[in-house]
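Engineer: Okay, here's the structure, questions in a sec.
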Amino acid sequence: MLARRELVAAPIASADPRVAIRQRGKRAAAPRGGLLARSPAQLTAAVEELLRFESPVQYQARRATRQVCVHGVQIPAGARVVLLWGSANRDERRWRRADRLDIAREAKRHLAFGEGIHHCLGAPLARLEGRIVLEQVLAHMPSYRIVGPVERVTTHNTRGVVRLPIEV
Ligand code: HEM
């Protein structure tokens, strides 16, 4: 099953542009307080954008119960298919500059919690947790600094952060 702690940590790490900068091996250059500190009112939109951008659950496998045509591709009944949530959430046909984290982006439905009858039961809780964590970080550690390498999860279908050293 999924490590919830890591799923919530990933968006928090992404909320800070310095994470991406550090992972590219460059010097941290973002202003103190990070991307969200300047606009706490945008937290709800920010959580959605972080979920879209990170897509903590990257994919899931299914078997087609009947023949179906998706974007012109015929999928026969019984075929194994992979639902690439992470890819769909960066689809340029739906998201302008999809590879860019933009917390001011117009809110649109994304697939970070899946879709259909297996849509994540914990989605409202995860959204609430994400919002509360960001609120608390901003309230109590507004000028935190990332001081060490970010360690990411290495599982087959989840994306997240296991270690994010900071200085407050
Ligand atoms: C950022 C946090 C989370 C993400 C990104 C996430 C993502 C997902 C996704 C993509 C699915 C669909 C799985 C599928 O289609 O097979 C799913 C299912 C599920 N999630 Fe989450 N989840 C999160 C947090 C949580 C939490 C906090 C809980 C419970 C407290 C939870 C409980 C479940 C359950 C029970 C299912 C199975 C639903 C079903 O098969 O009917 N999730 N989640």
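Read-outs throughout are calculated quantities, based only on the coordinates presented, and are distinct from any laboratory measurement. Predicted model, so just to flag it, every value in this text is computed and none were measured. Every residue, glycine as well, gets a Cβ built from its backbone with ideal geometry; the counts of neighbours run over all protein chains shown.
Engineer: Short version: ³J(HN,Hα) in whole Hz for each residue of segment 74-84, in order, from phi by Karplus 6.51 cos²θ - 1.76 cosθ + 1.60 (θ = phi - 60°), x for Gly and Pro, what are they?
Structural biologist: Ordered by residue, 3J(HN,Hα) equals 7, 10, x, 4, x, 6, 7, 10, 10, 9, 8 Hz.
Engineer: Summing +1 for each Lys or Arg and -1 for each Asp or Glu, what net charge is found among the other residues whose Cβ lies under 14 Å from the Cβ of ILE75?
Structural biologist: My count for the surroundings of ILE75 gives +4.
Engineer: Moving to a separate point now. When ranked by the protection proxy of mean other Cβ atoms within 10 Å per residue, highest first, what sequence do the peptides 95-108, 52-65 form?
Structural biologist: Highest mean packing first, the order is 52-65, 95-108.
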